[in-house]
Amino acid sequence: MLTKDLCRVSRAGGGYHPQFTTREHRPLAARVIGTYQGHVGEQRGDLEDALAELEAEADHFKLVRGFAALLERDATFETDAALDPERARRAVFEAGEAVGVVDEDERAMAYVRAGESLSVSADDLERALYADLAERQVLTAVDSRWGPDDLLAQYNLSLAQTALFDATEVRVRSSDPKALVSAVKRLRLMYEIRRPGDDADDDGRTSLASEREVVVTGPTHLFRSSRRYGTRFARLLRTVATADAWYLEATIDDRGTERTLTLSHEDPVSVPDAAPVADVEFDSGVEADFAARFENLDLEWTLVREPEPLATGTRVMIPDFAFVYDHGVPGADGDPGAGDRARDRVFRVYFEIMGFWTPEYVEKKLAQLADLEDVDMLVAVDDSLGVGEEIAARDHRAIPYSGSVRLKDVAGVLREYERQLVADAAASLPDGLRPDEDVISLEALADRHGVSPEALTDKTFPDHERVGRTLIRPSVLDSLDDDLEAGTSLSDAEETFETYGIDDSSAILAELGYRVEWEGLTGGTVVERE
């Protein structure tokens, strides 16, 4: 699909006609491909300038942008810098604050000092400072799936898909109805099958007059429009266009005006051999918004989009999300050993956001939830549906929301599960643990037993001292105390710690009665605590 701002359609005669490319547009497609290939190793800003010049020369700028949008999916852009730009900015800003930058000389001095602290030249530091901005990222590769002819074909398919995005209803007849219905079900679209009349004319439907008509309800026919449903609706065209003969008629909601779009196998709509890019898409803006905000939470749960299907009687249900917790689940036989625990330590809570809100959809969704067995399901349900109590009656957790799902509510439920999982995992372990290693981190020990570090909070370690997040035998602490003395540089102290496998230098220094006296940004010295 293309973005809607790149959709080229004609409304002549009150219809809705996609402006497909033809053979005459092949040179332009080749030039856009060549522009990308010719800018490998250059910054995105230079590529965009070259494309802008091409737009000015072309008959229609949207055509150039459409070709470029398709090629962009196969382009790889990377940050080209001697060091991480965020680290560079932090060092420069800190040095600038110390120097007190007012004029160019002081600015140059700040770069020099910051560069010395990072062991890079001032020039490399300045180049890295904003190298991660989009326009400064470098095009490193263009693994285009298409030559000029295939790019034209993909553009026409994408254009037709974009035009269908605003359909309220699509009526399709196909010489391969089995594949059509299978695709409709796979995409989870709402549909019905009708037997057409015998009034087919010569516009491409004659050979299909005896075929049943599949009527698919579009996204704008729902109570609330959904981008993910619209995307699925448009993706159906990939299956339709692979049939030898097909006819499609769609009712389009064109900004409040109802128009008719017709397509058939006689139009230049085909499916290129290249497989489509599998972008992450969402059923609605509510889901996309939730996923984006959830990723910013510091939780022990991983969000998985559209997990494995769940059995619901004789059918299946694919939840919107699953929350995956990979620590703290005991082994099936209760053995705390690593081998048994590793097999069963992953725990899932499934999450459904009730979306396409027609009465039929709500009824179907409730029926699916009723047939689920032995599944932990969390359902976010819009207040306007008024079915929260029905969901709860089916032994699933219901979270009401209005507008957007509140992260606080979801996180609260997940933390309840987490507390129980941690408690179960901790209960399966002995009260006292005796690892063989002289030094081991709590994270490593927890992972060995297939639990989270929190499950070790109340455990004892008879042979070790707990120092920060590390378990250390007393004999090792004695050796470190002998090796360490006031005046030792921090780098030397850290090197000593590393020989024992210790990376938590601050906690170890505090345990041994020392602290670090910092010397600017370049390091520090170990001194006794007062």
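A short reminder: the numbers here are calculations on the coordinates, not readings from a lab. Computed from a prediction, not measured in an experiment: that's the story for all the values here. When we count neighbours, we look across all protein chains shown, and the Cβ atoms used for this are built from the backbone with ideal geometry, even at glycine.
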Problem set entry | 3J(HN,Hα) from dihedral phi, the range 77-86, Karplus parametrisation 6.51/-1.76/1.60, rounded to Hz, x for glycine, proline | 10, 9, 7, 9, 8, 6, 8, 4, x, 5
Problem set entry | Rg over Rh [alpha-carbon atoms, Kirkwood Rh] for the range 1-160 | 1.19
Exercise. Residues in the range 17-52 near a label at residue 135, defined as backbone nitrogen under 17 Å from the 7 Å Cα→Cβ point?
Worked result: 42-52
Problem set entry | Simple label model, 7 Å out from Cα along Cβ direction - residue 191 to residue 255, nm | 3.2 nm
Exercise. Going through the range 451-520, which GluC sites (Glu not before Pro) have at most 12 other Cβ atoms within 10 Å and a DSSP loop state?
Worked result: 485, 519
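Multiply the residue separation of residue 19 and residue 431 by 0.36 nm, subtract the distance between their alpha-carbon atoms, and state the gained length in nm to one decimal.
Computed gain between residue 19 and residue 431 is 141.1 nm.
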For this session: At 7 Å along the Cα-to-beta-carbon direction for both residue 56 and residue 106, put a label point, then send me their distance in nm to one decimal.
Result: 4.2 nm
Exercise. Given a Förster radius of 41 Å and the C-beta distance between residue 149 and residue 404 as r, what FRET efficiency does 1/(1 + (r/R0)^6) yield to the nearest 0.05?
Worked result: 0.40
For this session: Apply 1/(1 + (r/R0)^6) to the Cβ-Cβ distance of residue 482 and residue 503, taking R0 = 22 Å, and write down the FRET efficiency to the nearest 0.05.
Result: 0.60
For this session: Return the loop-located trypsin sites (Lys or Arg not before Pro) in the range 424-491 (DSSP other than H, G, I, E, B) with at most 14 other Cβ atoms within 10 Å of their own Cβ; answer none if there are none.
Result: 469
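If each residue of separation counts as 0.36 nm, what is the full-extension length gain between residue 491 and residue 463 once their alpha-carbon separation is subtracted? Working shown, then result.
Numbers: separation 28, 0.36 × 28 = 10.08 nm, distance 2.90 nm.
Full extension of this stretch gives 7.2 nm more.
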Problem set entry | Other-chain or far-sequence residues with amide H under 5 Å of residue 169's (modelled H) | 218, 251
